[in-house]
1. Report the extension gain between T87 and T158 in nm, rounded to one decimal, defined as 0.36 nm multiplied by the number of residues separating them, less their alpha carbon distance.
2. Suppose each label sits 7 Å from its Cα in the direction of the beta carbon; what would the Q136-N124 distance come out to in nanometres?
3. Expressed as a rounded percentage, what relative contact order does segment 120-194 have, with Cα pairs under 8 Å and six or more residues apart?
4. With each pseudo-label sitting 7 Å past Cα toward Cβ, what's the S167-H202 distance in nm, one decimal?
Amino acid sequence: MTSRFPRLLGAATGALIILASTPAFAGWSGHGTAYTPRGTYNGAHFGSCGGGSCSHAGGVVGPWGGLATNTGTVTRNAPGQFSNSGTATGPNGRSVQHDGNTSCAGGTCSHTGSLTGPDGQTANTAGTVTREGAGQYASSGTVTGANGSTVSHAASTTCAGATCARSGTVTGADGGTVTHSGSATRVAPGVVTTGGGSTVVHGSTVVATGTVATGTVTTGGAVVAVATPPVVVAPPPAPAAVYIPPPAPATVFVAPPPAKVVVALPPPAPATVIVGTAPLPRTVYVAPRTVYLARPPRAAVMVPGHWAGGVWVPAHIV
């Protein structure tokens, strides 16, 4: 166990103090280490039951030092009827509240619940698990987010001997599907390996009644040492050094520049020239000169006034 284990003990100390202060209880505690392709995870948990309820507290430290904890309570309300509530806190300190109800009858357990995030958004869950035969189980369910989108899942599990295999399908709100499968095998007491290359080593202590002490269990005044069979599981060996030559330089094909497309436009239509008819030659009108013909002048004779036949004729020119 690494130096991270004391952090796990501290994370669940509150639950342990509550358990130790109870005069009589059925309790358990445990710790474990998981060696996975992504790193090593260390976990510890404590729990107790009394008065129809079981409470638990636990935590896991990841390979980068982040601590995730989970606390909760399960209460038996009636035969086959259970309710649960709790809080899960991630390495970033954000918490999710969860609660639900479970009903079991005729080999099938149905569950409904809700999850409320730190921002107040709520997701609803529903699902069933059915025992179809010895070591045969089927499950299905849905998760509906705060935005109304629903993701459904279905899976089957088969256990035989020391191995359980599981496969399933997850269908998203858009109809897309993701399939998954895996297996877990018990290779020794408290040691489980998975098909994904992980090894889990688990140790536990179970107390029927009394108080929990380090390394011992006190039952009715008799001190009994509790120890799980020692199993030494070395972490996976470091991978052998493999020389990976640098990749050959990539061949870069430089395409020639595309040929320029020259569009020859037809010559512009000739300008429209309107040629009028030649102007008519200027007409010169020569009016004939008017010739007045007058009688030649003659001498004017002044005739003085006179009587003519008894009529007075005034003077006049003739």
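1. 22.5 nm
2. 3.3
3. Answer for segment 120-194 is 19 percent.
4. The two pseudo-label positions are separated by 2.5 nm.
Read the figures in this text as sums done on the coordinates, not as results from a lab. Remember, it's a predicted structure, so these values are computed and weren't measured experimentally. Glycine gets a Cβ as well: all are built from the backbone with ideal geometry, and neighbour counts include every protein chain shown.
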